[in-house]
Amino acid sequence: MRTILLWMARSRVLKAWLPRVWFVRRAVRKFMPGETTEAALDAAEGDRPHGIGILFTRLGENLTSLADAQAVADHYHDLLDKIRARGLDAEISVKPTQLGLDLDPAATLGHLLSLAAHAREAGGDLWLDMEGSAYTDATLDLYRRLKQTHPNVAICLQAYLRRTPADVHGLLPLKPGIRLVKGAYNEQARIAFRRKSEVDAAYQSLCVSMLSAAGKGKLRLALGTHDTRLIGRVADYSRSTGIAIDRFEIQMLYGIPRDEQLRLAREGYRVRDLIAYGEAWYPWYMRRLAERPANVFFALRQVIG
Ligand SMILES: Cc1cc2nc3c(=O)[nH]c(=O)nc-3n(C[C@H](O)[C@H](O)[C@H](O)COP(=O)(O)OP(=O)(O)OC[C@H]3O[C@@H](n4cnc5c(N)ncnc54)[C@H](O)[C@@H]3O)c2cc1C
């Protein structure tokens, strides 16, 4: 099921057709408050009273023109102004291919530099999402370049990649910000763990190896996962080594599992809600279904009533 859903995420024909189907549009609302900036900002207001921070991401990837990349950068600049005007505890997370990485890496770096400067004025970090393995080196390269002049940049790393412990080791001297996720793409066994038990073990071991730097303030560590049992194990280890649980943060996707986000915030964890929005949600939505095929039945229930 996972492989089929990830294939569907890449299919051009389905990408053109499925988002027009009404029940698919309705089902996507589980993960997305709406397609517009205003819908995303309004959803963020719901987190404010609970002390939950926000991470905004506008959906879209692999653009085909530099004018589109410029439009995405302009959009994020406008969003940063709106975040500031509302006084939200919110940051932005961007995909390098959405800013033209396939077309012109130098132009992408230019967009990222100006967004990092603007994000700093708005009081937050600029996060780089991590895409499929074809982009890992290029994304790390962009990150290192940004970090030379902008301390407020952070990057996502994927625990399923066999290379990630070495990438963490290479980044730690830079005092980085790292969001650790399990990984959402279909990667080959040669470069990635494929069994869930292996990915979970890799995730936990990476957390353990990063906690001491986080405890000393040398790393901004975010656990990008909904796996509350895994979060519990990391928290137990953290406490057992004298590192308070507020030395790292938890980042979860909007709508998954809301009650857990609230519980974690109440228990003293720092929580950030990733709110994705925009019109180009199809491949992203299919990857969310692939993570939990039970969501397919949720989508089908929309057809029945
Ligand atoms: C804030 C954030 C940012 C991310 N950024 C990236 C990125 O830049 N690059 C990248 O490759 N991946 C990214 N991901 C996705 C990530 O790689 C995983 O695919 C995704 O988080 C599912 O794995 P999990 O850690 O939640 O654990 P899993 O073991 O998959 O799930 C644990 C439990 O969480 C719940 N759950 C998980 N997913 C869903 C879902 N879709 N719907 C409903 N319940 C669910 C279920 O109860 C499940 O049992 C991001 C995830 C988060 C939370």
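Phi angles of the stretch 102-110 translate, via the Karplus equation with coefficients 6.51, -1.76, 1.60 and θ = phi - 60°, into HN-Hα couplings of 5, 9, 7, x, 5, 5, 4, 4, x Hz per residue; Gly and Pro are given as x.
For I155, the residues whose amide H sits under 5 Å from its own are L128, G177, I178, R179, ignoring neighbours fewer than 5 places away on the same chain, with H placed 1.01 Å from N.
In straight-distance terms, cross-link reach from K82 covers every one of the aspartates and glutamates whose alpha-carbon lies under 13 Å from its own, apart from those fewer than eight places away in the same chain; here that gives E38, D42, E45, D74, E91, E121. Note: relative contact order over the stretch 68-222, using C-alpha pairs below 8 Å and six or more positions apart, is 18 percent. Here's the picture: a label point sits 7 Å out from the Cα of I191 along the beta-carbon direction, and within the stretch 51-67 the residues with their amide nitrogen under 20 Å of it are 61-63. Starting from 0 in steps of 5 Å, tell me what percent of the Cα-Cα pairs of the stretch 1-97 lands in each bin. Here the calculated profile for the stretch 1-97 is 2, 10, 17, 19, 19, 16, 11, 5, 1.
Based on C-alpha pairs under 8 angstrom that are at least 6 apart in sequence, the chain has a relative contact order of 26 percent. Only one residue of N62, C207, H111 has its Cα farthest out toward the positive end of the dipole of the stretch 33-280, where Lys and Arg carry +1 and Asp and Glu -1 on Cβ, and that residue is C207.
Quick one: of the DSSP bridges fully inside the stretch 33-280, what percent are antiparallel, nearest 5? Write down the numbers at each step before the final one.
Working: 1 of 34 bridges.
Counting DSSP beta bridges with both partners in the stretch 33-280, the antiparallel share is about 5 percent.
Among the lysines, which have Cα under 23 Å from the Cα of K30 when same-chain residues fewer than 8 positions away are ignored? Partners within reach: K15, K95, K182.
Taking 0.36 nm per residue of separation and subtracting the Cα-Cα distance, what length does fully extending L14 through R144 add? Please report the intermediate quantities before stating the final value.
Numbers: separation 130, 0.36 × 130 = 46.80 nm, distance 3.64 nm.
Stretched out fully, the L14 to R144 stretch lengthens by 43.2 nm.
When the Gaussian network model of the chain links Cα atoms closer than 10 Å, the mean-square fluctuations of R239, R287, R84 top out at R239.
Provide H77, H50, H169 ordered by accessible surface of protein heavy atoms (probe 1.4 Å), highest first. It would help to have the intermediate numbers written out before the result.
Values: H77 45, H50 90, H169 140 Å².
So, going from the largest accessible area down, we get H169, H50, H77.
Report, ordered by chain and residue number, the lysines lying within cross-link reach of K216, taken as a straight Cα distance under 22 Å and ignoring same-chain residues fewer than 8 apart. Output for K216: K147, K175. Against the empirical curve 2.2 N^0.38 Å, the C-alpha radius of gyration of the chain lands at a ratio of 0.95.
Is the stretch 144-290 rounded, prolate or oblate when judged by the Cα gyration tensor, a ≥ b ≥ c being the square roots of its eigenvalues, rounded requiring a/c under 1.5 and prolate requiring a/b larger than b/c? Cα axes put the stretch 144-290 in the rounded bin.
Between A90, A106, A40, which gets the highest mean-square fluctuation from a Gaussian network model of the chain, Cα cutoff 10 Å? Judging by the Gaussian network model, the answer is A106.
Using a probe radius of 1.4 Å on heavy atoms only, what accessible surface per residue do you get for the stretch 33-280? Whole Å² is fine.
Values: 10290 Å² over 248 residues.
So the stretch 33-280 comes to 42 Å² accessible per residue, rounded to a whole number.
Surface composition of the chain: carbon plus sulfur atoms contribute 54% of the solvent-accessible area (1.4 Å probe, protein chains only, all chains present).
The values are calculated or read from the model by the stated rules, or taken from the named source; none is laboratory data. These figures come from a predicted structure and were not determined experimentally. Because the Cβ atoms are built from the backbone with ideal geometry, glycine has one as well, and the counts that use them run over all protein chains shown. The area values use the complete protein model at the heavy-atom level, side chains included, leaving out ligands, DNA and RNA. Shrake-Rupley method; radii C 1.70, N 1.55, O 1.52, S 1.80 Å.
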